[in-house]
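So the structure is just underneath, and the comments pick up after that.
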Amino acid sequence: MSNIRYDRIHDNHVIIAPERLHRPDCYLSKAPTNREVEDFFDKACPFCEGNEALTPHEIFAIREETSLANKKGWQTRVIPNLYKAVQIEAPYQHHHGAFEYWEGFGAHEVIVDTPKHYTSMLQWHEADVVAWLQTLRARVADLRRDHRIAYISLFKNEGVHAGATQTHSHTQLIGLPIIPKLQREVFQRTYDYYNHHAHALLVSEISNEEANGERIVAQKGDFTAYCPYASAYPFEVMISSKKALGQIDTLSDKSMETLAPLLLLILKKLKRQLGCFDFNLSIATPPLQEGTVERELLYNVDEACRFAIRIMPRLYKHAGFEVSTEVMINPVSPEFCAKLLREGNDE
Ligand SMILES: [Zn+2]
């Protein structure tokens, strides 16, 4: 069983999770290279439709009304991660002292994004994106009811350079009893800004980007896609909105239907410039529960925080400087990236 250790020097946490060591690494050993290999892979892939028996029982699925749980007939499927960093069955217990830690309590779920053996989000259709967002919405809304979970991380690793070990397109959710330091600091700044200016920091950011124009990539409905001024990654793209549309667990179907084509458009634009590229994608998730975080961080969440998706292409490896300082070196300016991404007709 894992534990969540507190690092007194860096005021941060580290999850010591020996079970993660046993993950099968499909990318390194048997990535499909032709149709024959893909056929073989479909039969062995635990995330492909028809192979439901190869996974633990599903927690949630969007599926045909007449279909049965853990059988064919689904659009998205959520299962516990077999190689979990934390687990919901662990005691919710914090140990103090010189070696401070939490028992490895938390949620670690895999969202199988599509029944097809798509290896990239680039192969998705709009309906796939909408079903994916609806699934994330349902899981976060459900876990919000568990008052032991203080923070949920939603992320997608695509490709070996982004840390993926399964080729079938999937997303992960990790719910923790603590808020990671970086996120806690982000929320604190977000709330301080809101308290001082009476509007969200991201509203300012997007307004400034719109006025400048250089880093805007595309806009659709309420959403704007742009390369952030201080992008940490080459071709990093942020999709967010000046409007208070709610968080991932309260976003409306209408917003999801607008967001889906914009997300696909951005991925298509990135592919045109980068070819098949590896990336991490994360979805902003404000802190969840009273009692587990400072009360003030939960006030006016929807006014202070904006729904946002961050796409981080992994073109370069981080080295000693980035690891020891958390200051990223980005060799490509976001202005140049945005200019390239705007070019061409992708509609
Ligand atoms: Zn598969």
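Read-outs: derived from the displayed coordinates by stated rules, not from any lab. Note that this is a predicted model, so its numbers are computed, not measured. Glycine gets a Cβ as well: all are built from the backbone with ideal geometry, and neighbour counts include every protein chain shown.
In the chain, which helices (entire DSSP H runs) extend 20 Å or more along their own long axis, judged by Cα positions, while averaging at least -0.5 on the Kyte-Doolittle scale?
Those that pass (Cα extent of 20 Å or more, hydropathy at least -0.5) are 126-144, 253-274.
Where does each of 256-264, 110-118 land if you order them by average Cβ count within 10 Å, highest first? Mind dumping the intermediate values first?
Values: 256-264: 20.0, 110-118: 21.8.
The peptides rank, most packed first, as 110-118, 256-264.
Give me the dipole magnitude in Debye, nearest 20, for the chain about the Cα centre, with unit charges on the beta carbon: positive for Lys and Arg, negative for Asp and Glu.
340
Per-residue ellipticity at 222 nm for the chain, helices alone: DSSP H runs ≥ 4 residues times -39500 (n - 2.57), over residue total, nearest 500 deg cm²/dmol? Intermediate results must be reported in sequence, preceding the final value.
Values: 9 runs with 104 residues, N = 347.
Value at 222 nm, helices only, nearest 500: -9000 deg cm²/dmol.
Any idea what the relative contact order of the range 69-166 is, in percent, if you count C-alpha pairs under 8 Å spaced at least 6 apart? Walk me through the numbers on the way to the answer.
On the way: 84 pairs, mean separation 24.0, N = 98.
The normalised contact order for the range 69-166 reaches 24 percent.
Which of the peptides 209-215, 333-339 is most tightly packed, and how do the rest follow, going by the mean number of other Cβ atoms within 10 Å of each residue?
Details: 209-215: 15.1, 333-339: 18.4.
Taking the mean over residues of other Cβ atoms within 10 Å, the ranking is 333-339, 209-215.
For the range 3-181, just say rounded, prolate or oblate: build the C-alpha gyration tensor, square-root its eigenvalues into a ≥ b ≥ c, call rounded for a/c under 1.5, and beyond that prolate if a/b exceeds b/c, oblate if not. Mind dumping the intermediate values first?
Working: a/c = 2.19, a/b = 1.59, b/c = 1.38.
Judged from the Cα gyration tensor, the range 3-181 comes out prolate (a/c at least 1.5, a/b above b/c).
Any idea how many Lys pairs in the range 3-181 come in under 22 angstrom at the alpha carbon, given 8 or more places apart or on separate chains?
12
Take peptides 130-139, 233-242 and line them up by average Cβ neighbours within 10 Å, highest first, as a rough protection proxy.
233-242, 130-139
Give the residue from A211, L173, I16 lying farthest towards the positive end of the charge dipole for the chain; charges sit on Cβ (+1 for Lys and Arg, -1 for Asp and Glu) and the dipole is referred to the Cα centre.
I16
Taking square-rooted eigenvalues a ≥ b ≥ c of the alpha carbon gyration tensor, is the chain rounded, prolate or oblate, where a/c under 1.5 means rounded and, failing that, a/b exceeding b/c means prolate?
Rounded.
Just grab the label-to-label distance for N300 and R189, each label 7 Å out from Cα along the Cβ direction, in nm (one decimal).
Result for the modelled spin labels: 1.9 nm.
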